[in-house]
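The values are calculated or read from the model by the stated rules, or taken from the named source; none is laboratory data. In this text, all values refer to a predicted model and were calculated from it rather than measured experimentally. Please note: Cβ atoms are built from the backbone with ideal geometry, for glycine as well, and neighbour counts cover all protein chains shown.
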Amino acid sequence: MKRIILTCMLLALATIAFAAEIEPFLGRWALFVPDGASWLEVKQVDNTIDADLLWYGGSVLPVADVYLDGETLVVTRVNRDVMSKDEQGRDKRVQWRTELFRFMFFGDQLVGKQIDPARSGHGVQITTFTGRKIADLPPAPDLAKVTFGAPITLFNGTDLTGWELMGENNANGWKAIDGALVNDPVQEQGAPHKNYGNLRTTEKFADFNLKLQVNVPKGSNSGIYLRGIYEVQVADTYGRELDSHNMGAIYSRIAPSVAAEKPAGEWQDLDITLCDRHVTVILNGVKTIDNQPLMGVTGGAMTACEFEPGPIYLQGDHGKVSYQNLVLKPILDK
C-alpha cells in the first residue's frame, strides 16, 4: 500500500512539474519572421502537448510533433517531397523532409529558430525569429452600437491613385478597365515564370466596414486582406462543399456557415465588417460569417501584429480577377 501511495505521489509531482514547464509556452503566439508573418498556438490536452502552426503562407495546420526538451519547446513539420516519377507519371521515390522549430525564452522574450533541411540533402537553412504572446480576444462587439464614419471610395474607377504595388521586383498586372480594377497576371508560354505583385492601399485603417464587388473567372483565385493580415478568400468555389478555403472564408481559419457564392464569371457582392478582432462576412446578401473571433493572422499576412492599422491589400499573384465599387467606412465608436 505504501508503495502504491508513493507511486501516486511521484506521478502527481511529475504532472505538476510538467505543467509548470509547459505553462509559459501555452497560448497563441505572433511570430515575427523575416519578410513576413507566422503564428503558433500551443495547447495542453490532458497530460500531452499539441500545437498548430502557420508558417508564412498557406494554411494553419496541426504540427507533426511537439515536445519539451529541457527548457526548449520543439515543434516539427513533415513535408512530402517527390524525388522522381516513373514513366506513367506516378510517384516513384518519395522522401519525407522534417522541419524543426525550437522555441525558448531569454528573459521574457520568446525566440525561435527554424531548421529546414535542403531538398538536396546538402546543409540546412536556418531562420531566427521572435514571438509575442497574443492578448486574449475581447467579447464579440455589439455591431448594432457601432458608429461609422463617412464612406471612403478606395478605387476611383479610372487609375491606380491611392494604391501601390507590393514587392519592388514584381510585375504589375493591375490596371483600371471600364471602371473596374482588373488584375491579369499573364504568363508567356515558354518564358520564365513571372512574379506578379499584390496591390495595397496607401492609406491604413483600423476597424471598418468594407463593401465591394468582385468577379472571379473560372478556376481563378485572389484574396482581400483586411488590415494586411486577415485574408477573405476570393476564389471560384461554386458548388463545392463548405470549407475554410472557399469564397468568402477567412482563409484556413473560418469556413462560411452556408454556401452563397455565384458561378464563375458573375459579379458578386461582399460586405465585410472587422471590429475588435471579430469579423462578419455577407456574401451576395447572405450572412456567412457572423461576428466570429479571429484567432490570428492568415497566410500571406504583412505582419504578425494584430493591433495596428494596416492597408487593404488585394492578392494579385494567383489569377485573373476584377474588383469594383470598393467603399470603406471606418469605425469611429463601438
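A few points about this structure:
- Asp116 vs. criteria loosely packed, with under 10 Cβ neighbours inside 10 Å, assigned by TED's automatic domain parsing to the domain that holds Asp65 and charged (D, E, K, R): no
- Count - residues of the stretch 167-184 that are buried (at least 16 other Cβ atoms within 10 Å of the Cβ) and closer than 23 Å to Asn209 by Cα: 3
- Residue that is among the aliphatic types (A, V, I, L, M), in contact with a strand residue (DSSP E or B) (Cβ under 6 Å, 6 or more places away or on another chain), part of a loop (DSSP other than H, G, I, E, B) and surrounded by 12 or more Cβ atoms within 10 Å (Cβ to Cβ), where the choices are Leu137, Leu160: Leu137
- Among the residues making up the stretch 140-155, those that are surrounded by 14 or more Cβ atoms within 10 Å (Cβ to Cβ) and not β-branched (Val, Ile, Thr) are Ala140, Pro141, Leu143, Phe148, Leu154, Phe155.
- None of Ile312, Ile331, Ile282 is without any contact (Cβ under 8 Å) to a residue 40 or more places away in the chain, aliphatic (A, V, I, L, M) and out of contact with any Gly (no Cβ under 7 Å at 6 or more places or on another chain) except Ile282.
Condition check ((1) surrounded by fewer than 23 Cβ atoms within 10 Å (Cβ to Cβ); (2) of a type in the set (S, T, N, Q); (3) over 26 Å from Asn170 (Cβ atoms)) across all residues:
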{"residue": "Gly248", "(1), (2), (3)": "no, no, yes"}
{"residue": "Ala259", "(1), (2), (3)": "yes, no, yes"}
{"residue": "Gln268", "(1), (2), (3)": "yes, yes, yes"}
{"residue": "Arg277", "(1), (2), (3)": "yes, no, yes"}
{"residue": "Gly300", "(1), (2), (3)": "yes, no, no"}
{"residue": "Gly316", "(1), (2), (3)": "no, no, no"}
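- Single condition Ala144 does not satisfy, out of (1) free of Cβ contacts under 8 Å to residues at least 12 places away in the same chain; (2) assigned to a loop (DSSP other than H, G, I, E, B); (3) small (Gly, Ala, Ser): (2)
Let's see how each residue does on (1) at positive phi; (2) surrounded by fewer than 13 Cβ atoms within 10 Å (Cβ to Cβ); (3) assigned to a loop (DSSP other than H, G, I, E, B):
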{"residue": "Asp52", "(1), (2), (3)": "no, no, no"}
{"residue": "Val74", "(1), (2), (3)": "no, no, no"}
{"residue": "Glu87", "(1), (2), (3)": "no, yes, yes"}
{"residue": "Lys92", "(1), (2), (3)": "no, yes, no"}
{"residue": "Phe101", "(1), (2), (3)": "no, no, no"}
{"residue": "Val111", "(1), (2), (3)": "no, no, no"}
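- Residues that are assigned by TED's automatic domain parsing to the domain that holds Ser220 and closer than 17 Å to Lys211 by Cα occur in the stretch 290-297; there is at least one.
- Residue that is farther than 17 Å from Pro311 by Cβ and either touching a residue at least 24 places away in the same chain (Cβ under 8 Å) or not assigned by TED's automatic domain parsing to the domain that holds Tyr323 (or both), where the choices are Leu165, Leu110: Leu110
- Beta carbons closer than 9 Å, at least 6 apart along the sequence or on distinct chains, never pair a first residue in the stretch 189-204 that is not assigned by TED's automatic domain parsing to the domain that holds Ser222 with a second that is not in a loop (DSSP other than H, G, I, E, B).
- Entirely in the stretch 188-267, the strands (runs of 3 or more DSSP E) that have 3 or more residues that are within 17 Å of the chain's Cα centre (by Cα) and within 16 Å of Gly300 (Cα to Cα): 221-226, 230-235
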